[in-house]
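Take a look at the structure below.
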Amino acid sequence: MVLDHTLAPFFLIVACLVVGQPSYAGEWIEGRVTHVRDVDTIEVESRAVRLNGVDGPELDERGGQAAKRWMQRLVLRKPVRCWLNGDRTYDRWVGTCYTKSEEDLGALAISAGQARDCPRYSDGKYASFETDESRRLPIHGYCR
């Protein structure tokens, strides 16, 4: 096969875009939390991570602002490590994150009444952490 040399720059650009994208699939990342978007999305060294299997209220829903503030007090500017499963949702990697003392952020948020278990993605991993308070939060359709 003969390659048309006019297409060579196009193929080079595509190859750079594909190779240049970090995958983080099945990898640990570590760093300080630089931003808390809401109770189930944090940024670790500016990489957005959606907590897998955690269903938190949106900022405009009942409890959303309080849940965000709770997560900020827990982790903002503090070290965490996250296991990224390779999935992405919007601009976020999906993963399970832990405090320096190895506490699961999702379990902490749910047991504090700030979020719910999202069984569709957690396979019920966090169901035992739900409290009466967390059960009063809305559960989103994508979790059923």
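Some points to look at:
- Computed over protein heavy atoms with a 1.4 angstrom probe, the accessible surface ordering of S134, S128, largest first, is S128, S134.
- In Hz, Karplus ³J(HN,Hα) per residue of the range 103-113 (6.51, -1.76, 1.60; θ = phi - 60°; x = Gly, Pro): 8, 6, 4, x, 5, 5, 5, 5, 5, 8, x
- Compactness relative to 2.2 N^0.38 Å, alpha carbon Rg of the range 52-92: 1.36
- Solvent-accessible area, 1.4 Å probe, carbon plus sulfur percent, for the range 26-144: 46 percent
The values are calculated or read from the model by the stated rules, or taken from the named source; none is laboratory data. No experiment lies behind these values; they were computed from the predicted model shown. Only protein heavy atoms, including side chains, enter the accessible area calculation; ligands, DNA and RNA are left aside. Shrake-Rupley method; radii C 1.70, N 1.55, O 1.52, S 1.80 Å.
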